[in-house]
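Asks: Questions regarding the structure given below will be posed in turn.
Every read-out reported here was derived from the displayed coordinates using simple, explicitly stated rules and does not represent laboratory data. All values derive from a computational prediction rather than experimental measurement. Because the Cβ atoms are built from the backbone with ideal geometry, glycine has one as well, and the counts that use them run over all protein chains shown.
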């Protein structure tokens, strides 16, 4: 599905990425690549983003299409590839993280917090 993207709107409004993915390094996007994605283009895309100090997926989502278009060596091919990757990880976060493990750790932290409140653990 292709979005009509406003050049001045942050990408996070178009790609609802799960919270634990936001802190991942942009190199992790490689794990969302399909076998028919050009590896050279993927490397060029990630290199251009890193040179512009986009280090995490959250950094990418807080930017706009207009800002991405101003990045050197980040043409329409890289932009479309990035949008494909963001769409993939929005629809299938399991490409980058184990959702079961994340949910389990969240529940465990909530239980620990309650036990601390009751004074049962430090």
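Asks: Among (1) in contact (Cβ under 8 Å) with a residue 40 or more places away in the chain; (2) under 17 Å from residue 92 (Cα atoms); (3) exposed (fewer than 13 other Cβ atoms within 10 Å of the Cβ), where does residue 57 come up short?
Replies: Looking at each condition in turn, residue 57 falls short on (3).
Asks: Hey, can you tell me all the residues within segment 20-29 that are loosely packed, with under 15 Cβ neighbours inside 10 Å and out of contact with any strand residue (DSSP E or B) (no Cβ under 7 Å at 6 or more places or on another chain)? Walk me through it before giving the result.
Replies: Residues of segment 20-29 loosely packed, with under 15 Cβ neighbours inside 10 Å: 23, 25, 27.
Selection gives 27 alone.
Asks: Right, here's the next one. Quick check: is even one residue across segment 102-120 surrounded by fewer than 17 Cβ atoms within 10 Å (Cβ to Cβ), free of Cβ contacts under 8 Å to residues at least 12 places away in the same chain, on the phi < 0 side of the Ramachandran plot and not in a helix (DSSP H, G or I)?
Replies: Of the residues in segment 102-120, the ones surrounded by fewer than 17 Cβ atoms within 10 Å (Cβ to Cβ) are 102-120.
Add one more test, that the residue is free of Cβ contacts under 8 Å to residues at least 12 places away in the same chain, and what stays is 103-120.
Those still in the list that are on the phi < 0 side of the Ramachandran plot too: 103-118, 120.
Imposing the further condition that a residue be not in a helix (DSSP H, G or I) reduces the set to 118, 120.
Yes, there is a match, as at least one residue in segment 102-120 is surrounded by fewer than 17 Cβ atoms within 10 Å (Cβ to Cβ), free of Cβ contacts under 8 Å to residues at least 12 places away in the same chain, on the phi < 0 side of the Ramachandran plot and not in a helix (DSSP H, G or I).
Asks: Going through segment 9-22 one residue at a time, which ones are more than 20 Å from residue 67 (Cα to Cα) and part of a helix (DSSP H, G or I)?
Replies: Applying the first criterion (more than 20 Å from residue 67 (Cα to Cα)) to segment 9-22 yields 18-21.
Residues satisfying the conditions are 19, 20, 21.
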